[in-house]
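The structure appears right after this line, and notes come after that.
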């Protein structure tokens, strides 16, 4: 049984990180990395994405990665799916959690998935129907995430009323939960606070518990703090801030798992993760991906003198 | 008259930034940079430090820099002083605000200033006496900052009771105000919240209004957010995160002014600073200090599409 923690850190490096870099990590290396993460106390990993292998060759082996990881102790195996077809493949492979990204910006969703809001909502309803037809023990947790919720690189600002309305639509069409996603790195803490409160109020406190933040403009951890204060308890992040970085230096896409864990542990918020061990396994990334930037302030600076982890990590 | 803003950004690049790098910036370049900053709406700049020129040759021209900046419109010229002697020089030069760093860690203060707590407190009392002997219009604002308040690289954790006690001592000995300083980059948001509340409660709400944060472990802006929420309204930061960086890449010492201004402006908190202009004048640093790292996520990523500054900047 996984230990009780105050927050859940959902590591997205093997999906969001690897899909954003050119290097193809071999399947065995992915599985080995994910096992190491679980061994540090990371309780959820998004291990891949069931998208077209033509579009994202880095994700072509996702079924094998799920198969190689689904029996790892104390680990929830999550995957991203773009559509009904992907959801079927994810369920067949044995994923325990599936997330479908729903761009609140229709311009963005058309560009990203080549479909309209209505079409994606239909897929969500079909996925729900299919899940409900399965024996209970085979049903995955099904989340839809509100991408571009904090603004869109194509449309600019997204009205908050629209985000709330889409959250309600996602729930009405069969998502078990919605997530908030700052796809573009546009979010600020005040906006995070407002949107979390409004969506929780619209769809139910327990139906919005997770957030996916980027550090594009350096506000990643400040936004995570605001989200935590507003009641969010699941945080996506990427080891080494891997992936998604058109801007150098330091302007990573995803927030850095090591820095996020340091923030929470320093605050006395239990993550269940052994930070020293987590920093130790960065070596794997540095040797496996020698040409890709690996970020993180805390790993570079080291832990403060006399720092004590709050997490009771003793597996 | 300076415009009314929600927060005061106190730019410390010309002092904390330049003292931390080997490059000597010529006096005329310093003055030119500070004028440019004021022209962007930066209302306070710490322009230098009255320390021994042997110890910090980068600060040897501080009197000339003060002289060259004290008549800049809408600009408060602040300086750092380590002792009574430095305070006299600062007042002679015409500084409007003087800050004396008082390490809460006695090990650190002995190493930094080569003196005991008792000796520094005596100096503070002498500075107060001297200031009070001056005609009112010549009296500078005199702040003492609680360095290593969030932990010390030599002593480790500093008990919060001790920080509060030192704040009271600084006020009792004649400081007009105390500031909180995370010299070591050890602070976390929960600790910031607790310490700000405790010190305000001990010395008076209006006697602690400023904080000096570092981004050593990536938590700089999250700590700034927590400080803002707890009632802090003056924030030290350094353009380009200049200076104080033994760790690379991205692990700057000071928090980056551009990112801090972006966070506040995005939240609707008026800084009085024109962010686009501020990013524009980074070119000066890049050309004047070609061998020193210049940081900042927001400048690299650019402002979000459709982003509007809240500051009514129209000088």
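The values are calculated or read from the model by the stated rules, or taken from the named source; none is laboratory data. Computed from a predicted model, the values in this text were never measured in an experiment. Here Cβ is always computed from backbone atoms with ideal geometry, including for glycine, and neighbour counts include all displayed protein chains.
Within the range A:148-161, how many residues are surrounded by fewer than 20 Cβ atoms within 10 Å (Cβ to Cβ) and either more than 20 Å from residue A:230 (Cα to Cα) or free of Cβ contacts under 8 Å to residues at least 12 places away in the same chain (or both)? If you could, list the steps in order and put the result at the bottom.
The first filter runs over the range A:148-161 and keeps only residues surrounded by fewer than 20 Cβ atoms within 10 Å (Cβ to Cβ), leaving A:153-157, A:159-161.
Still in the running and either more than 20 Å from residue A:230 (Cα to Cα) or free of Cβ contacts under 8 Å to residues at least 12 places away in the same chain (or both): A:153-157, A:159, A:161.
Counting residues in the range A:148-161 that are surrounded by fewer than 20 Cβ atoms within 10 Å (Cβ to Cβ) and either more than 20 Å from residue A:230 (Cα to Cα) or free of Cβ contacts under 8 Å to residues at least 12 places away in the same chain (or both) gives 7.
For the range B:127-147, the set of residues classified as farther than 23 Å from residue B:44 by Cα and buried (at least 16 other Cβ atoms within 10 Å of the Cβ) consists of B:130 only. Between A:126, A:197, the distinction of being out of contact with any strand residue (DSSP E or B) (no Cβ under 8 Å at 6 or more places or on another chain), part of a helix (DSSP H, G or I) and closer than 30 Å to residue A:92 by Cβ belongs to A:126 only. Among the numbered conditions (1) over 30 Å from residue B:75 (Cβ atoms); (2) more than 14 Å from chain A (Cβ to nearest Cβ); (3) over 21 Å from the mean Cα position of the chain (by Cα), the only one that residue B:126 does not meet is (1). Here residue B:82 fulfils each of the conditions (1) touching a helix residue (DSSP H, G or I) at 6+ places or on another chain (Cβ under 8 Å); (2) surrounded by fewer than 19 Cβ atoms within 10 Å (Cβ to Cβ) apart from (2). If the condition is being at pLDDT 95 or above and either in a strand (DSSP E or B) or under 12 Å from the mean Cα position of the chain (by Cα) (or both), then the range B:218-254 contributes B:234, B:235, B:236, B:237, B:238, B:239.
Once the range B:174-210 is narrowed to residues that are within 12 Å of residue B:145 (Cα to Cα) and within 14 Å of chain A (Cβ to nearest Cβ), the residue that is surrounded by the fewest Cβ atoms within 10 Å (Cβ to Cβ) is B:183. Each residue in the range B:98-116 was checked for being in contact (Cβ under 8 Å) with a residue 40 or more places away in the chain and surrounded by fewer than 19 Cβ atoms within 10 Å (Cβ to Cβ), and 2 of them qualify. Per the listing A:220, A:296, the residue uniquely within 18 Å of residue B:259 (Cα to Cα), touching a residue at least 12 places away in the same chain (Cβ under 8 Å) and assigned by TED's automatic domain parsing to the domain that holds residue A:35 is A:296. Just give me the residues in the range B:146-172 being in a helix (DSSP H, G or I) and within 14 Å of chain A (Cβ to nearest Cβ), in sequence order. Scanning the range B:146-172 gives a single hit, B:160. Among the residues of the range B:274-293, those that are at pLDDT below 90 and within 14 Å of chain A (Cβ to nearest Cβ) comprise B:292, B:293.
I'd like the full set of residues that are in contact with a helix residue (DSSP H, G or I) (Cβ under 7 Å, 6 or more places away or on another chain) and under 23 Å from residue B:120 (Cα atoms), limited to the range B:183-195. If you could, list the steps in order and put the result at the bottom.
Quick first cut of the range B:183-195, residues in contact with a helix residue (DSSP H, G or I) (Cβ under 7 Å, 6 or more places away or on another chain) only: B:185, B:187-190, B:192-195.
Passing the criteria: only B:195.
Among the residues of the range A:85-97, just one is surrounded by 20 or more Cβ atoms within 10 Å (Cβ to Cβ) and under 15 Å from residue A:55 (Cβ atoms), namely A:86. Checked against (1) facing another protein chain (nearest Cβ under 10 Å); (2) in a helix (DSSP H, G or I); (3) over 23 Å from the mean Cα position of the chain (by Cα), residue B:265 passes all but a single condition, namely (3).
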